[in-house]
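Report on the structure given below.
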Amino acid sequence: MRNHWVWLAVTALFTAATFVNAPFPDELKLQHFPTVAIILGMGWSCKYFRLADLSFFSLLAFLWAHILGARYIYSFVPYDAWAMAIVGDSISERFGWERNHYDRFVHLLSGLCIVPVACELLQRLGGMRPAGSALVSISVVLSLGALYEIGEWQLAMNVSPAQAEAYNGQQGDVWDPQKDLAMALTGSIISSSFFFRRRYTSVPSILATSLATEPVHFPLSSSRDPRSSTQQPTMFITLDGIDGAGKSSQVAMLCEHLEGTGSKVLRVRDPGGTSAGEAIRSILLNADFSIHRRCEALLFLAARSQLVEEQIKPALQAGTVVVSDRFLLANVVYQSIGSDLHPDELWRIGEWASGGLRPDLTLLLDMPAEKAMTRLDRPKDRMESRGLDYLEAVRLGFLVQLPRAAHHTAIINADRSIQEIHNDIVLAVREASQ
């Protein structure tokens, strides 16, 4: 179900097939103007801004319903004949309908199916929260419906006035546009009620095409000017990424490299690094415990707070380079994905719990979740046991939240040899320290 291009190609073939022995060929051409526009838009999305499966297939379901209606210019969709052949009963006779209501059904479907897409775009591009995006999506559906009715009128009158009445499909109902919009409104209200708590991970569009199968490598970026030569050479460096990306090995290699250059180095892990932190860690990673996400997040914060005050701050004040396996970034990503905890709230509370301490450099080891899972040769902990889809979402979350994690950040392609990864890490550390 994940190959959107294949489904889009099938949809294009379905559209072409509607022209075979079409009962209304001239009107059909008009009907497929929006079809072509939607297919092109979805194709652009596949390449530059990959939609979640739910959004993509919801939009595809609406499009297929439209394509079917277009073949019969909506007014003549033979659903009564199909019902008679399948169940031996006429839908129109059963409900006392005097007109063909397939157009009403598709407008209802537009509300049901466009809301997921609107919610995703509003969250990913607009940064809206789930409840807000669900409410605004209703307005989006109504606005698109109104624009469609206006476009339908203009297209029919300017391209083919002779087919205008058949194309518009009013079937003698002067209130047809209003009733169509009422159906779209009904569908959008129903659909939006399911999206008040659904959160989409915000992913930059430039990453969309490569995230499914390919690792990402971005050079060092900075949120402030590099340190001047008069500043202390001490640094607080964190390595992060999904489980199986090789963080622990790279932390050890980086510490050895830094010690080889004459630096005094403290290696820590988060959660852990202190007696209290290690006790909390054993609870957090125990898959036998049932812990609410908010409780889970607070336990991570507590362990980190102790680590900062007991180990990291004293070491930095003594001129020691601190290298940590994970820090606040992981807390934000793992606890916000698939829950009602918002990343902004976790960043705010997390920064308070860490005493405002922010890493000088965060290195994100990036690789596909499926490949990372194959590297794990131990029983799965609480996070890993949530499944591959969860870890894929976590991977995307890391890429999105990384710029907030440290003064300097870099994404390292972890789907390579250990030495190649280490070389890039050393280079990023050297650049950040200049």
**region 15-29, residues that are open to solvent by 60 Å² or more (accessible area, probe 1.4 Å) and touching a helix residue (DSSP H, G or I) at 6+ places or on another chain (Cβ under 9 Å)** = PHE19, PRO23, ASP26, LYS29
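Enumerate the helices (runs of 4 or more DSSP H) found wholly within region 47-115, keeping only those where 1 or more residues are over 30 Å from SER143 (Cβ atoms) and out of contact with any Pro (no Cβ under 6 Å at 6 or more places or on another chain). If you could, list the steps in order and put the result at the bottom.
Values: elements: 53-71, 79-87, 91-95.
So the answer is 79-87, 91-95.
Looking at the structure I just gave you, is MET84 open to solvent by 50 Å² or more (accessible area, probe 1.4 Å), modelled with pLDDT of 85 or more and either under 24 Å from the mean Cα position of the chain (by Cα) or over 24 Å from ASP180 (Cβ atoms) (or both)? It would help to see each step written out before you state the result.
Working: open to solvent by 50 Å² or more (accessible area, probe 1.4 Å): yes; modelled with pLDDT of 85 or more: yes; either under 24 Å from the mean Cα position of the chain (by Cα) or over 24 Å from ASP180 (Cβ atoms) (or both): yes.
The answer is yes for MET84.
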**Fill in**
Restricting attention to region 239-295, the residues that are open to solvent by 60 Å² or more (accessible area, probe 1.4 Å), in contact (Cβ under 8 Å) with a residue 40 or more places away in the chain, closer than 23 Å to PRO343 by Cα and out of contact with any Asp or Glu (no Cβ under 8 Å at 6 or more places or on another chain) number exactly 1
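Check LEU376, LEU363, LEU388 and return the single one that is of a type outside the set (S, T, N, Q) and at pLDDT 85 or above.
Values: LEU376 fails: at pLDDT 85 or above; LEU388 fails: at pLDDT 85 or above.
Answer to the check: LEU363.
Considering only region 309-334, state which residues are in a helix (DSSP H, G or I) and crowded, with 23+ Cβ neighbours inside 10 Å. Steps first, please.
First pass over region 309-334, keeping only residues in a helix (DSSP H, G or I): 309-317, 328-334.
Once the filter is applied, which keeps residues that are in a helix (DSSP H, G or I) and crowded, with 23+ Cβ neighbours inside 10 Å, region 309-334 yields ILE312, LEU328, LEU329, ALA330, ASN331, VAL332, VAL333, TYR334.
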**Message:** What pairs come out if I take residues in region 334-354 that are over 16 Å from LEU299 (Cα atoms) and pair them with residues that are among the hydrophobic types (A, V, I, L, M, F, W, C) and buried (at least 16 other Cβ atoms within 10 Å of the Cβ) whose C-beta lies under 8 Å away, six or more apart or interchain?
**Reply:** ILE337/ALA393; ILE337/VAL394; GLY338/ALA393; PRO343/VAL332; PRO343/VAL333
**Message:** Any residue that is of a type in the set (Asp, Glu) and not in a helix (DSSP H, G or I) - is there at least one of those in region 340-354?
**Reply:** yes
**Message:** I'd like the residue in region 229-238 that is more than 27 Å from VAL394 (Cβ to Cβ) and either open to solvent by 60 Å² or more (accessible area, probe 1.4 Å) or aromatic (Phe, Trp, Tyr) (or both) and, out of all such residues, is modelled with the highest pLDDT.
**Reply:** PRO233
**Asked** Does at least one position in region 55-76 carry a residue that is under 16 Å from the mean Cα position of the chain (by Cα), over 20 Å from ALA146 (Cβ atoms) and surrounded by fewer than 21 Cβ atoms within 10 Å (Cβ to Cβ)?
**Response** yes
**Request:** Considering every residue within region 30-43, establish whether at least one is more than 20 Å from the chain's Cα centre (by Cα), surrounded by 15 or more Cβ atoms within 10 Å (Cβ to Cβ), closer than 14 Å to TYR72 by Cα and free of Cβ contacts under 8 Å to residues at least 60 places away in the same chain.
**Result:** yes
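The values are calculated or read from the model by the stated rules, or taken from the named source; none is laboratory data. What you are looking at is a predicted structure, and each value in this text was computed from that prediction instead of being measured. Cβ: placed from backbone, ideal geometry, glycine included. Neighbour counts: every protein chain shown. SASA here: full protein model, heavy atoms, side chains in, ligands and nucleic acids out. Shrake-Rupley method; radii C 1.70, N 1.55, O 1.52, S 1.80 Å.
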